[in-house]
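Accompanying notes for the structure given below.
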């Protein structure tokens, strides 16, 4: 872990316990997850007991305690997406990648997460892959999307 | 950058900026809200900018990139003024033709016009499209005239002049009176009278007070707050400034969902710009008002939409609610008097100050004044954001604006109010939408989600969906919510998977009542609503699941089977090829068969079959 990056995140926020969530947001953003080491540093620097840092990190969905995969696939499970079949899409993603929701594939390529609503309800079912929105999804389109990423990865290696 | 030191400075800047904008011959407005961006609006904007630059048109024609227009289904959307010409599903390859034909020659590009799905006719102007025509867009219309990234745009359209007006009057009490007289009620779901909240907070003892904008829009199926904050962040800031002045607060917070990256970016930029111009800071516009705003990103917990949980989260703690025997207007953030309102509520404030309380109160019903934005989604032809006066019947929203169900379906119900709300059947569609009427009918306005359901939506599945959501989101602090929702979900899951027993329905109702009455916060108190309303209006569906082991809508997977119609199947084999479970077998040019033991009812085969030979039985 780059301690410089953590320094930047903590700058101007030391000894300010109320900044805990904002700091963890930035740690999550910079490192992709919240490590034990990061929690200890944040605890020391903000003056928040480690147990409280750990509790907050566990409570909020925004924080991951494990490293995430190279590709982040988020499936929207909002009501509008649900009535258009989003559970089938999530199931297909998990089946195709052979993981559970929130997990990362053993090769470290994909992490699949569900989210309660992305606010793009008119375009449902929606998935987001590495920040790009894909609208009106179906299990078949999702399978093709995952295959296209895998193909591109292979292309990069060759 | 210079600072605005006096109200006159703001007025002069406003008229200067307005004049500059009036010099353009035409305006091309491109929607670049989250919905249109998801459909590729960014590349269209880039292509348009490049094309106009090359043709030397940028001085004559203004390219205005705005926030959400609300008709997300049709995105990317473009409106050209003068003429109110409306183009939809615009792609980069259309740009050359739009510029050369429409901008330079004044001709309409027919294929980009909107086709009304009800009449099948092409409509060329935005105002004539039924989706827009039947609305009254007071807040959303503002989204269309400003670039959310430009404070100058906002000021050019009269922005911050409402703030100037209240500062010039120099009587904060009068602002509270005005907001009270307008009849504005909180748009986040509770519907508490805004003026009363302000008045209580103003009267609370202590010099240090806070205002908070709740932009932690957690209701699945609602996205009006995202659109307003993302499309017009200065309107929300101005509302907060007026509120701070009225109440006597020095510090404000915007608590915004991190799942809305564009909204976070735009409100951050807006705060920075307002500070630079002196619209946030000390002695704003030369007055006594000293006020600043900080942005906090939500951690993705639904319960943080509840005011006390949100305040705990702002303090950097776990977002658990606390009993509200002492209200937050007296004992809120850091135990100081705090006034929390939702995005849409704050956004209404500058408009009320500008046009007067009477103007605002003239719209809506006796108990619910003004307009409300609804997110119309689900099984409906025109999906998007709809703004109508309170009192508009559900029927008008779903059929006249929404165009009814798509693909020959039939609307069965509408779910309003998110996980705290309920499902209303078609025979309730003549009810006027307002806070009190919907509550009486067993649902609620909530934050404004409206998910339309048709005959292929299973109401037991909907109840199960919301319970799953709430079980996941319950913070676990109080027992009735934590365990009650768990038990209700167990029962509904039993029913949806064919293990239901008739006596369970009564038990479900009993449990629902207990959870309602004994939970600590609004999340738990309203959690049983989706179950209670579906039981009340769609009991026959529960009974079909329990007694006949049948899902009438063909949704609950344990109770349905996929079958191939041997008459229709030509044996092309594409279904077998796509099936991930190896459940489909057959010989080429002969009808294929599905093995019900292996089939997971994922729908992929139905998706690929061009002959529509696969049916749900």
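One table, with the values for the structure above:
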item: Diffusion coefficient, µm² s⁻¹, Stokes-Einstein with Kirkwood Rh over alpha-carbon pairs of the range A:3-59 at 4 °C and 1.567 mPa s; result: 119
item: Ellipsoid equivalent to the range B:1-140 - semi-axes via the Cα gyration tensor, in Å; result: 28, 20, 15
item: Mean separation of Cα contacts under 8 Å (6+ apart) over length of the range B:371-454, as relative contact order %; result: 37
item: Area projected by the alpha carbon convex hull of chain A, averaged over all directions, nm²; result: 10.5
item: In degrees, nearest ten, helix A:50-59 long axis to first principal axis of chain A (Cα); result: 20
item: Over the range B:505-617, equivalent-ellipsoid semi-axes from the Cα gyration tensor in Å; result: 42, 14, 11
item: For the range B:183-218 and the range B:336-394, distance of Cα centres in Å; result: 16
item: Förster radius 30 Å - calculated FRET efficiency between residue B:561 and residue B:610, Cβ distance, rounded to 0.05; result: 0.90
item: Kirkwood hydrodynamic radius (C-alpha pairs) into Stokes-Einstein, the range B:310-458, 20 °C and 1.002 mPa s, D in µm²/s; result: 124
item: Ellipticity estimate at 222 nm from DSSP helix runs (n ≥ 4, -39,500 (n - 2.57)) divided over the protein assembly as shown, nearest 500; result: -11500 deg cm²/dmol
item: Translational D in µm²/s for the protein assembly as shown (Stokes-Einstein at 4 °C, 1.567 mPa s, Kirkwood Rh from C-alpha pairs); result: 47
item: Rg followed by Dmax, in Å, when the range B:1-66 is reduced to its Cα trace; result: 15.7, 43
item: Residue-span extension gain [residue B:587 to residue B:283] - 0.36 nm each, minus C-alpha spacing; result: 101.3 nm
item: Whole-Å semi-axes of the range B:250-368's equivalent ellipsoid (Cα gyration tensor); result: 25, 22, 16
item: Distance histogram in 10 Å bins (all Cα pairs of the range B:71-154, percent per bin); result: 15, 46, 33, 6, 0
item: Directionally averaged projected area (convex hull, Cα atoms, the range B:383-429), nm²; result: 3.8
item: Euclidean distance between Cα centres, the range B:1-70 to the range B:407-425, Å; result: 38
item: Overall form of the range B:151-361 per C-alpha gyration tensor (a/c, 1.5; a/b vs b/c); result: rounded
item: Distance in nm between pseudo-label sites at residue B:358 and residue B:395 (7 Å out along the Cβ direction from Cα); result: 3.4
item: Within 10 Å of each Cβ in B:309-319, the average number of Cβ atoms from other chains; result: 4
item: Principal axis dimensions, the range A:21-91 - Cα atoms, whole angstrom, descending; result: 47, 24, 17
item: FRET efficiency for residue B:149 and residue B:89, using Cβ-Cβ distance with R0 set to 25 Å, rounded to 0.05; result: 0.55
item: Exercise: per-residue mean of other protein chain Cβ atoms within 10 Å, B:72-82; result: 1
item: Rotationally averaged projected area of the range B:161-283 (alpha carbon convex hull; nm²); result: 7.9
item: Burial ordering of B:518, B:157, A:104, fewest other beta-carbon atoms within 10 Å first; result: B:518, B:157, A:104
item: For B:51, B:178, B:294, order by how many other beta-carbon atoms lie within 10 Å, fewest first; result: B:294, B:51, B:178
item: Cβ-based exposure ranking for B:20, B:165, in which fewest neighbours within 10 Å come first; result: B:20, B:165
item: Sequence-separation-based contact order of chain B, relative, with Cα cut under 8 Å and 6+ spacing, percent; result: 11
item: Extension reserve of the residue B:50-residue B:265 stretch, reckoned as 0.36 nm per residue once the Cα distance is removed; result: 74.9 nm
item: Pairwise centroid distance, computed over Cα atoms, of the range B:539-615 with the range B:224-301, Å; result: 52
item: In nm, spacing of pseudo-spin labels at residue A:14 and residue B:96 (7 Å Cα→C-beta vector); result: 5.9
item: Å³ per residue enclosed by the Cα convex hull of the range A:111-158; result: 77
item: For the range B:101-223, alpha-carbon Rg over 2.2 N^0.38 Å; result: 1.55
item: Relative intensity, log₁₀ I(q)/I(0), of the range A:53-94 from a Debye sum that treats every alpha carbon as a point, q = 0.15, 0.17, 0.28, 0.30 Å⁻¹; result: -0.55, -0.66, -0.93, -0.97
item: Where a label projected 7 Å from the Cα of residue A:50 along Cα→Cβ would reach, residues of the range A:1-41 with amide N under 11 Å; result: A:36-41
item: Cα-based Kirkwood hydrodynamic radius, chain B, one decimal, Å; result: 26.3
item: Two-decimal Rg to Rh for the range B:343-425 - Kirkwood Rh, Cα set; result: 1.04
item: Rough spin-label spacing in nm, given labels placed 7 Å along Cα→Cβ, for residue B:455 and residue B:294; result: 5.7
item: Percent of C-alpha pairs per 10 Å bin, the range B:419-554, short to long; result: 13, 45, 34, 8
item: Percent of beta bridges antiparallel (DSSP, the range B:20-135, rounded to nearest 5); result: 60
item: Two-site FRET efficiency, residue B:104 against residue B:168, from Cβ-Cβ distance with R₀ of 51 Å, rounded to 0.05; result: 0.65
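Values quoted throughout were computed directly from the atomic coordinates according to the rules given, and no laboratory measurement underlies them. The shown structure was predicted, so the numbers you read here are calculated from the model rather than taken from an experiment. Here Cβ is always computed from backbone atoms with ideal geometry, including for glycine, and neighbour counts include all displayed protein chains.
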